[in-house]
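A short write-up of the structure that comes next.
Just so it is clear, none of the values below were taken in a lab; they were calculated from the coordinates. Quantities reported herein were computed from a predicted structural model and do not represent experimental measurements. For neighbour counting, all protein chains shown are included, and Cβ atoms are generated from backbone atoms with ideal geometry for every residue, glycine included.
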Amino acid sequence: MKFGTFDDQNREYVITRPDTPLPWINYLGCEAYFGIISNTAGGYSFYQDPRLRRITRYRYNNVPMDMGGRYIYLRDNTSGEFWSPSWQPTRKPLDEYTCRHGQGYSIISSSLKGVFASTRYFVPMGENLEVWQLTVRNDRGEALDLSVFSSIEFCLWDALDDSSNFQRNFSTGQVEVEDGVIYHKTEYRERRNHFAYFACSAEVAGFDTQREAFLGAYRGWDSPQVVEAGQCSNSIAYGWSPVGVHQVNVTLQPGEERQVIFLLGYHENPADDKFDPPGSQTINKRAVKTVIRRYLQAEEADRAFAVLKTYWGELLDRFQVETPDEHTNRMVNIWNAYQNMITFNMSRSASYFESGIGRGMGYRDSNQDLLGFVHMVPERARERILDLAATQMASGGAYHQYQQLTKRGNDAVGSNFNDDPLWLVLAVSAYIKETGDWSILDAMVPYDNQPGSETPLYEHLQRSVRYTVERKGPHGLPLIGRADWNDCLNLNCFSSEPGQSFQTTTNKEGKVAESVFIAGLFAVAGREMAELAAARGNSAEARELISQVEEMEAVVYQHGWDGAWFRRAYDDFGRPIGSAQNEEGQIFIEPQGMCIMGGLGLDDGKAEQALKSVGERLATMHGIVLQQPAYSQYYLHLGEISSYPPGYKENAGIFCHTNPWIMIAETLVGHGDQAHDYYLRINPSRREEISEVHRGEPYVYSQMIAGRDAATHGEAKNSWLTGTAAWNYVAITQYILGIQPTLKGLKVAPVIPAAWKGFKSTRLYRGVTYQIEVERKGPGNLTRLWVNGQAVEGNVVPLPETGVKDVQVKVELA
Ligand code: BGC
Ligand code: NOJ
């Protein structure tokens, strides 16, 4: 069952009924001002940091789940009937409804009894504000006397404090209203130099800024007293809960339409120029008046929207494919790339599953997000790499998270996730392969943001690798620390309390649990690093790295191979985890993917054997589960993983992030059909048809799909902010379609399904447009390459001479 449809031409998903199984959301903004918007106009906005600079309030654990947002009300003043053109919050049944989610904008349109209304929500490029562009049209045969009400609820900036510190906050709220613009200035007089504003393009017939004056003390957003009565009360908030509400009265003749624009914005004044006149209590509004005037004009708003469309069009056009499979095309060309940008911007901070107050930027997360994003805006990827490296510690270890606004490592979460450092190597290597910008390795970057501690970035990478080499356990495998990629496999957490998450776990002394996964990741990162070293002329260093990788491989073959698959780990008592010897958790997905990606088992059949085991034991029609058999009870020596009921999250859920590792591994052993089959199982577009089962948005990946042990097998959760986005993009584009940036140029080595006759692609790479055409001449994966009509040895397109803007690439598969 579907709740909408893809409009690939316009690069939109069109939701055609408002009661989607879960709120189906989108993001506004792609620079500094951001918002989350659901298909019924729910959600909130923030500037840079969803915890510390929250502009509008959002209640978690709400009932109904999605309540509070950017709501507009329409009131027919003749009948007194009122409704929400976005369906929520009044939920009055609409005659027609659509929500179009596009890249950085959403358009919600509806019709009720001949009143058509459409609101376009977006953030203009370069601005710290959002535009709500409302068009109302009278499709009745008679004149219409209408009132329009806008509404938002301000957050008192720090979202965590806002949801808990009521004894203070109920007395701090402050607003100013001038020329119909509502300014939210809580705490401006002492701690802050920023404020929010909410403006309207039409003459305002009234306003409200005190929530209870608008709603009524015992009412909710579904039936505001003011809207029912048809008249705002011009309330001014003193403390309590400041809101922004405008009332606009319009009379429309049959067929007539009117546009009303609302702007919600954020502004910071210089600390010494906060008041106007100086010394008064009145905020200095000079700077925002111009911007408000500008975007309240329909032509300016239209122009800004066109700029946004073009911006995204150009970003997406950098890499386009035309394959025989529509789900592949749609995800690669539009939605997966878009999700990559969102995960790059948000890390795991703000979604409908991440509260925006718990987690800032993840170190491991952001390094991986970059893999799917680096070709879109390489300059931002470079900046991010330097930010991440600056939170690395002198030991090579890394803070697990940092806060957007301060860019400082988060002490509360700390470090000691022993895989973290290695991901930086992958990110930097991907950046150089994409851009050829070797200078990044010489950029001076501090440790733990301490001035004076700077070294070249290259040394950060060296320390990352050394971090693993210096931390090996009894079997010679890398020590796992608090956890590796699997945050919930807490093998040293002997003294943790049941139900506690990893953040509060106290490790027992000793801590000798080891990770085969990190060994695999070390092989990946070590080889990347060796390539970088060799290319920089450090051949001795390159050799040393390769020998360290080989040493690690030997240990994995000896202690990490279980007979038919790679083991997962050794616990603190030296017992294997992810082994046939275990009763539960016999086989885990992560080491199969990562070890094979690190090159293990490719020569001696172990890789093939491991993948066969994955197919037999872990694969389901909804994707590949994380491990089997699921843990049936809580085990102290395993930690959080066994706290989840079977089939959910890390306890045998389909943790989608790991699936592309298996797809990649399948391509490495030459199985194009199997790789693409796994790709399709979790592809959201492919799953659109079963939206009643999947429940999440059909245009983006979710972190998890419930596994076969779950009662709700196939149900997705935690959409949007997941490493699944970047890794699926890497798997499909670089390994299945095989278009892969390397240090020497663009490689084209597809491992596609046997039934595909070929495919085409356009790829912008280092300023040159590559037109790629792949044609199947036989059933295998052997390639023959022609560049601009000339046969070329190997599968890497040599970098063209400077000045060349277009390259024609032809590949035959046999
Ligand atoms: C989740 C993990 C997540 C971790 C960190 C755990 O509860 O299961 O997926 O990485 O929390 O927030
Ligand atoms: C979510 C985290 O963001 C990611 O870093 C981690 O690898 C997975 N959970 C698996 O536990």
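Observations
- Cα gyration tensor shape of the stretch 360-470, rounded if a/c is under 1.5, else prolate or oblate by comparing a/b with b/c: rounded
- Restricting the GluC sites (Glu not before Pro) of the stretch 525-593 to loop positions (DSSP other than H, G, I, E, B) with no more than 10 neighbouring Cβ atoms within 10 Å leaves Glu583.
- Taking every DSSP beta bridge that has both ends in the stretch 739-813, the antiparallel portion is near 75%.
- The stretch 757-804: GluC sites (Glu not before Pro) falling in loop per DSSP and having at most 15 other Cβ within 10 Å: Glu793, Glu801
- Of Asn165, Phe207, Tyr44, farthest towards positive along the dipole that unit charges on Lys, Arg, Asp, Glu beta carbons give the stretch 4-313: Asn165
- Proximal aspartates and glutamates to Lys810, defined as alpha-carbon separation beneath 13 angstrom and excluding residues fewer than eight positions away on the same chain: Glu773, Glu775, Glu793
- Coordinate range along principal axes, alpha carbons of the stretch 27-124, Å, largest first: 44, 27, 20
- The stretch 1-70 and the stretch 613-655: distance between their alpha carbon centers, rounded to Å: 30 Å
- If only the Cβ of Lys and Arg carry +1 and only the Cβ of Asp and Glu carry -1, the dipole of the chain around its Cα centre is close to 260 debye.
- If you look at the Cα atoms of the stretch 123-267, you get an Rg and a Dmax of 16.5, 56 Å.
- Whether the stretch 739-813 is rounded, prolate or oblate, judged on the alpha carbon gyration tensor where a/c under 1.5 counts as rounded: prolate
- By average C-beta atoms within 10 angstrom, highest first, the peptides 199-207, 784-792, 168-176: 199-207, 168-176, 784-792
- Remark: the stretch 739-813 carries a charge dipole of roughly 160 debye about the Cα centre, counting +1 on each Lys and Arg Cβ and -1 on each Asp and Glu Cβ.
- Taking label points 7 Å from Cα along the Cα-to-Cβ direction, Phe573 and Asn234 give a separation of 7.6 nm.
- Taking packing as the residue-averaged number of other Cβ atoms within 10 angstrom, the listed peptides 469-478, 677-686 run from highest to lowest as 677-686, 469-478.
- Lysine-lysine proximity count for the stretch 4-313, Cα under 26 Å, sequence distance 8 or more or distinct chains: 7
- In loop segments of the stretch 351-452 as defined by DSSP, the trypsin sites (Lys or Arg not before Pro) with at most 15 further C-beta atoms inside 10 Å of their C-beta are Lys407, Arg408.
- Each peptide among 183-191, 253-261, 720-728, 350-358 gets the average number of other Cβ atoms lying within 10 Å of its residues, and from highest to lowest they stand as 720-728, 350-358, 183-191, 253-261.
- Per the Debye formula on identical point scatterers at the alpha carbon atoms of the chain, with no solvent, log10 I(q)/I(0) at q = 0.05, 0.08, 0.10, 0.11 Å⁻¹ is -0.28, -0.72, -1.08, -1.26.
- Positive-pole candidate from Pro629, Thr310, Pro93, dipole of the chain, charges at beta carbon: Thr310
- Computed from phi, the 3J(HN,Hα) profile of the stretch 745-757 under the Karplus parametrisation 6.51, -1.76, 1.60 (θ = phi - 60°) reads x, 7, 9, 10, 9, x, 10, 9, x, 4, 6, 6, 7 Hz, with x in place of Gly and Pro.
- With the helix formula -39500 (n - 2.57) applied to DSSP H stretches of n ≥ 4, the chain reaches a computed 222 nm mean residue ellipticity of -7500 deg cm²/dmol.
- Between the residues Val809, Val751, Gly767, the greatest Cα displacement towards the positive end of the dipole of the stretch 739-813, with unit charges on the Cβ of Lys, Arg, Asp and Glu, is found for Val751.
- HN-Hα J in Hz across the stretch 349-357 - Karplus 6.51, -1.76, 1.60, θ = phi - 60°, x for Gly and Pro: 8, 10, 8, 8, 10, 10, 6, x, 10
- Under 5 Å from the amide H of Met361 lie the amide H atoms of Tyr402, Gln403, Gln404, each residue being 5 or more positions distant or on a separate chain, with H modelled from the backbone and absent for Pro and chain starts.
- The charge dipole of the stretch 4-313, taken about the Cα centre with unit charges on the Cβ atoms of Lys, Arg (+1) and Asp, Glu (-1), comes to about 440 debye, rounded to the nearest 20.
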